[in-house]
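Worksheet for the structure shown next.
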Amino acid sequence: MNLWNRLMCYSRRRSPWLFHMNSGSCNGCDIELVASLTPRYDAEQLGVRLEGSPRHADILCITGPVTRNSVQAIETVYGQVGSPKAVVAIGSCPASTNVFIDSRVLDGPLNRHIPVDVFVPGCPPRPDAILQGIAAAAKKLAERGAQRPAVQPASAPDSTGVQS
Amino acid sequence: MNLTTALARLLIFPGLLFAVPGAWLFLWIERKAVAMMQQRIGPPFMQPFFDFIKLLGKTTPDRSGISGHLMKAWPLLAVSAAAGAVGLLPVLPSSGGFEGDLILLLALMEVPSICVIAAGFSSRSIFAEIGSAREAVLTVSYNVVFLLAIVSIAASQHTFRLESLAQLPATPLRWLGVLAVLVCLPAKLHINPFSLPNAEQEIYSGPMIEYAGPELAMWELSHGLEWVAATGLVATLAVPHFSTWWIDALLLATCSCGIVLLLSVLAAATARLAVDTTARFYWQCTLLFAVLAVSSTLLMRLRT
């Protein structure tokens, strides 16, 4: 690996910019994500910046169990994030649809629609767990570089909540 | 004017080669000062550099319905104008080189704002258009005061040349002008309480919303260079002149850093004002100040 590539890898790891998207969350995880930027947890030490536009972001943070209405929006926003990019699913909802399983308004979990790099479980997860997830995603981003992960559509969970 | 010295001044010192690390340093001081005001530790020293390198390596997603050539041109124009403005600062003793006066410096410093307005409108995003409209209102508001202050400084010292202005001893009227310029800087640099155009909680990123990757990196760089040029201008007018050039350069750099710190602390301590409040602040309160400076200068000139 030449010097430029090493510098690029290091910079990607040290400068993850986030875009936060709510796909029908109860707002619990959203509050915790914002809490991780506050003085107590200070995500800016990791180079994290919460951006207003998905075009500026590297890491897409998605909360919520993915309602039918939000699927199109998630796909659009994922397409708007410039490559290389990573996705962090915050909370138990995007990972398994949580207590809303079998709801007719849901089309989750999240990895049926876009490839997810890091799951941060919890209802809601603690801010330090979210920060750990973001750091892990930034590391993945740096290692992966420009190549994008293949979409691995997971099957819908069955009534017992177990993904096959 | 010697072409080699002109190019050296524009590209090496105090031009691009020194201005770009200076821009990153000032961006870092701004973020660090805001973080420390909020009792955070804040970003590491190299953060703006990492951000810049990372943005260079990102791809730009397609923009549907726009060819995008004009959108690519605006950030480049903004960076070159801001770098030209930094190159004009009289850090080195005059030896021919890239010479210009205060009027050229002001014109070059105004180009990035115009580029931001044009970029927002050419990106066709509704949020970008609102941001551009706000930027236009802001430009019209603070520029009246800014230009009047500069005119009063130039008239009180009988010159528009930057070199001579830096060397002349400061008069009380010049301090009044410097103060008026300092009041305009937060609006010129889009920081709180005048961060209307890029109000991230209301209109996302304002005019920058459709930009990504290397183009966004250029916008960040031009913003940093604007910091260097604007604080450098105030430092040039405020710092006393000595015969040794390196003491002058050191004083200029220290004074610039001090101004960045002052503005960042102001940004951290205040909240964003609405459009009408901002316009009223500049047109009613500060304009009076600037008119006072200009009229007293003219009266002094009539008397002498």
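Observations on the structure shown:
- Relative contact order for the range B:57-204, counting Cα pairs under 8 Å that sit 6 or more residues apart, in percent: 24
- Helix A:68-80 and the longest principal axis of the Cα set of chain A meet at an angle near 10°.
- Local electrostatic count, B:Ala229, Cβ distance below 13 Å [Lys/Arg +1, Asp/Glu -1]: -1
- In degrees, nearest ten, helix B:287-303 long axis to first principal axis of chain B (Cα): 20
- Amide H partners (placed H, <5 Å) of A:Ala57, local residues excluded: A:Gly82
- Radius 12 Å from Cβ of B:Ser152, net charge of other residues (Lys, Arg +1; Asp, Glu -1): +2
- Computed FRET value (nearest 0.05) for B:Trp175 with A:Ala135, which takes r as the C-beta separation and R₀ as 56 Å: 0.70
- Placing a label point 7 Å from the Cα of B:Arg280 along the Cα-to-Cβ direction, the residues of the range B:184-212 whose backbone N falls under 18 Å of that point are B:193-196.
- Taking Cβ atoms as reference points and 13 Å as the exclusive limit, the residues near B:Pro186 contribute a net charge of 0, counting Lys and Arg as +1 and Asp and Glu as -1.
- Phi angles of the range A:51-67 translate, via the Karplus equation with coefficients 6.51, -1.76, 1.60 and θ = phi - 60°, into HN-Hα couplings of 9, x, 10, x, 5, 8, 8, 10, 10, 9, 9, 10, 10, x, x, 6, 6 Hz per residue; Gly and Pro are given as x.
- Set of lysines with alpha-carbon distance to A:Lys139 below 30 Å, sequence-local pairs under 8 removed: A:Lys85, B:Lys32, B:Lys54, B:Lys58
- For A:Val87, the amide hydrogen comes within under 5 Å of the amide hydrogens of A:Leu60, A:Asp117, A:Val118, counting only partners 5 or more places away or on other chains and with H modelled in the peptide plane.
- The angle between the Cα long axis of helix B:69-88 and the longest principal axis of the Cα atoms of chain B comes to about 30 degrees, rounded to the nearest 10.
- Chain B - Rg over Rh from alpha carbon coordinates, Kirkwood radius: 0.97
- Going by accessible surface with a 1.4 Å probe and the largest first, A:Glu51, A:Glu32 read A:Glu32, A:Glu51.
- Divide the volume of the convex hull around the Cα atoms of chain A by the residue count and you get 103 Å³ per residue.
- Whole-angstrom gap from the range B:190-262 to the range B:65-92, using each part's C-alpha centre: 14
- Backbone geometry of the range A:22-39 corresponds, through the Karplus equation with coefficients 6.51, -1.76 and 1.60 at θ = phi - 60°, to 3J(HN,Hα) couplings of 9, 10, x, 6, 7, 5, x, 5, 4, 5, 5, 5, 5, 4, 6, 8, 6, x Hz, x marking Gly and Pro.
- Solvent-accessible surface (1.4 angstrom probe) belonging to B:Met109, in square angstrom, nearest 10: 10
- As computed over the range B:1-150, the Cα convex hull volume per residue (Å³): 168
- For the protein assembly as shown, the extents of the C-alpha atoms along the principal axes are 93, 51, 44 Å, listed from largest to smallest.
- For B:Ala6 and B:Arg301, the FRET efficiency from 1/(1 + (r/R0)^6), where r spans their Cβ atoms and R0 equals 35 Å, is about 0.55.
- Contact order, relative form, for chain B: 29 percent (alpha carbon pairs under 8 Å, 6 or more residues apart, mean separation divided by residue count).
- Heavy atoms of B:Trp283: accessible area, 1.4 Å probe, square angstrom to 10: 120
- 3J(HN,Hα) from dihedral phi, the range B:174-181, Karplus parametrisation 6.51/-1.76/1.60, rounded to Hz, x for glycine, proline: 5, 4, 4, x, 4, 4, 5, 5
The values are calculated or read from the model by the stated rules, or taken from the named source; none is laboratory data. Please read these numbers as outputs of a predicted model, since none were measured by experiment. Note that each Cβ is placed from the backbone with ideal geometry, even for glycine, and that neighbours are counted across all protein chains shown. These area figures cover heavy atoms from the full protein model, side chains too; ligands, DNA and RNA do not enter into them. Shrake-Rupley method; radii C 1.70, N 1.55, O 1.52, S 1.80 Å.
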